[in-house]
Structures are given as structure tokens and as C-alpha cells.
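Worksheet: the structure to be examined is printed underneath.
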Amino acid sequence: MIEVSHLTKVYPGRRNTEPVLAVDDLSLEVERGHVMGLIGPSGSGKSTLGRCLTLLERPTSGTITVDGVELTGLGGAQLRQARRAIGMIFQAFNLMDARSALGNVELPLQIAGVAAGERRRRAMDLLERVGLAEKASVHPRHLSGGQQQRVAIARALVNRPSVLISDESTSALDHANTQAIIALLRDLTDELGLTTVLISHQLEVVRDICDEVAVLDTGRIVRTAVRDEQHVLRYTNGEAA
Ligand SMILES: Nc1ncnc2c1ncn2[C@@H]1O[C@H](COP(=O)(O)OP(=O)(O)O)[C@@H](O)[C@H]1O
Ligand SMILES: [Mg+2]
């Protein structure tokens, strides 16, 4: 479970630029096993919030707690350890072309010092889960965009994180691949018991698979929607999302 409490992120101004209040006193909870959609226009603070959740970005103030561990209170080795519990995928797949699909998925385990046999077993298990087992030896440039994102998803999950953050991970894909990847993220969340945050600038992309949605504007949550007993996603004013 993810708990964000009074999170604020200010980017300091540089010469000729004013400071930017990118996330403004934002509080949010995502239950274990849930998929939360985080949507909002460009510049509304979605990516900043996503990066703060992994502590790639240090919040200016506020706390982030994942599975009971306050990440914002950690430093050094403890923080690196806690970060392994969070997987992240982006619009850009950032795969290494010198490595095969399997080699890319193995990389985080190699960095973590996992032995070769175990590494290969776990990476193959993830490639199977994302439907790419038969492409294990293929290099990224010979894979389609959708297949490359599947490799990136496998890589993000190979350290067995409890949280997955997806920042516009389908924005470079066509409609069919977008739908397939979104459905896969829902299935993986259920199978692996993840807590997932899906960042998108379009509600339509995430609407069908989210348990709840938060709409961001200028660093604040301006609307929230949850699924009712009829499985309809509704805003707090009763309107269907
Ligand atoms: N590294 C940065 N330095 C300064 N300002 C930034 C930085 N990253 C983002 N911003 C600013 O913070 C605000 C929120 O940006 P971002 O989180 O990228 O929004 P979104 O992902 O919703 O498009 C924007 O005004 C953006 O220009
Ligand atoms: Mg963004």
C-alpha cells in the first residue's frame, strides 16, 4: 500500500526563472492490489509525483510510505533497498540494444548480485508472464514497440517489487498495443499482488482497468473517482468517469 501525505515539490528557480510548485500539499492512498489512475493535463505534476514516489526526486516536504516503510525517512543503503520494492516503466523503453530481451530483464538482478542460474530463471519467468518467452534471445531493435515495452515491464518486475509505477508507458504505442499493455498491467497487478499507479494524460487509456482515479491539476488532486458496486467508475459527485 502507498500512502502519500502532504507531499510538496518545489523546483528552485534559476536565473531568470521563478520557482515551480510542481506538487502542492498532495495526499493520496492506494490500497494493496489496487490500480490507481493518475491523470491530468501536461505540466500538472504527474511525472514529478511519480518520480517522488520512487524517490528519484526528493520531495521538498511531506512523506511517502510504502508497505509501512517511510521512504522519505531513509537514506543510503536502506533507501536503495527500499527502492527495489518499486518498479517503474516509462514512455521510453530505455532498453540496452547490446543485450537480448533476456539480458535486459536480467540486468537489475546482475546489479543486485544475484547468481547467474537464479537470474536466468527469474528473468525467463517474467518474460513468460509478459508473453515474450519465445523472444528471449532477440535484441530490442528487432522487437516492436509493444514487445519492447513488455521487456521493460519484465525488467521492472524482476526484482519482485510490491509497487509498479507506469508513467505514460503506452504513449508511444498504437491503440491495439496500448489496450494490450494496459490489460497486461492489470493482470500482473492481480497475479503478483502489486499496488499500481498508472499515470496518463488520457482518462480513456486507464478507465477500464482502474479501481480508482485521481485527477491532477497544477500539483493538486482536483477530482477523484472510485468504482461502485455496479463496477462503474464514478466521481464523488456521482457522475460516471
Ligand atoms: N526538473 C525540473 N526542473 C524544473 N521544473 C520542472 C522539472 N520537472 C518538471 N518541472 C515543472 O513542474 C511542473 C510539473 O511537471 P511534470 O511533473 O513533468 O508534469 P506532467 O508529468 O503532468 O506533465 C511543470 O511546470 C514543469 O515545467
Ligand atoms: Mg509527465
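The values are calculated or read from the model by the stated rules, or taken from the named source; none is laboratory data. Quantities reported herein were computed from a predicted structural model and do not represent experimental measurements. When we count neighbours, we look across all protein chains shown, and the Cβ atoms used for this are built from the backbone with ideal geometry, even at glycine. Remember, those area values only see protein heavy atoms, side chains included, never the ligands or the DNA or RNA. Shrake-Rupley method; radii C 1.70, N 1.55, O 1.52, S 1.80 Å.
Of note:
- Leading residue by the ranking (nearest to residue 163 (Cα to Cα)) among those in region 88-138 that are touching a helix residue (DSSP H, G or I) at 6+ places or on another chain (Cβ under 6 Å) and among the β-branched types (Val, Ile, Thr): 89
- Restricting region 223-234 to residues that are open to solvent by less than 90 Å² (accessible area, probe 1.4 Å) and of a type outside the set (D, E, K, R), the residue that is farthest from the chain's Cα centre (by Cα) is 232.
- Residue 58 vs. criteria farther than 25 Å from residue 225 by Cα, touching a residue at least 60 places away in the same chain (Cβ under 8 Å), among the basic types (Lys, Arg) and open to solvent by 50 Å² or more (accessible area, probe 1.4 Å): no
- Residue list for region 10-27, filter: assigned to a strand (DSSP E or B) and open to solvent by 20 Å² or more (accessible area, probe 1.4 Å): 10, 11, 20, 21, 24, 25, 27
- Residues being of a type in the set (Val, Ile, Thr), under 17 Å from residue 95 (Cβ atoms), surrounded by fewer than 21 Cβ atoms within 10 Å (Cβ to Cβ) and within 24 Å of the chain's Cα centre (by Cα) - total across region 108-157: 1
- Of all residues in region 199-211, those that are in contact (Cβ under 8 Å) with a residue 60 or more places away in the chain have Cβ atoms under 7 Å from Cβ atoms of residues that are acidic (Asp, Glu) and assigned to a strand (DSSP E or B), 6 or more apart or on another chain, in 199/167.
- Within region 162-172, the only residue that satisfies the criterion of being open to solvent by 10 Å² or more (accessible area, probe 1.4 Å) and away from ligand 2 (no atom under 16 Å from the Cβ) is 162.
- Residue in region 196-219 that is modelled with pLDDT of 95 or more, crowded, with 16+ Cβ neighbours inside 10 Å, more than 16 Å from ligand 1 (Cβ to nearest atom) and more than 24 Å from residue 54 (Cβ to Cβ) present: no
- Among (1) part of a loop (DSSP other than H, G, I, E, B); (2) of a type outside the set (Phe, Trp, Tyr); (3) away from ligand 2 (no atom under 14 Å from the Cβ), the one test that residue 41 misses: (3)
- Only one entry in 70, 128 is in contact with a strand residue (DSSP E or B) (Cβ under 7 Å, 6 or more places away or on another chain) and without any contact (Cβ under 8 Å) to a residue 40 or more places away in the chain, namely 70.
- Boolean, residue 149 is touching a residue at least 40 places away in the same chain (Cβ under 8 Å) and polar (S, T, N, Q): yes
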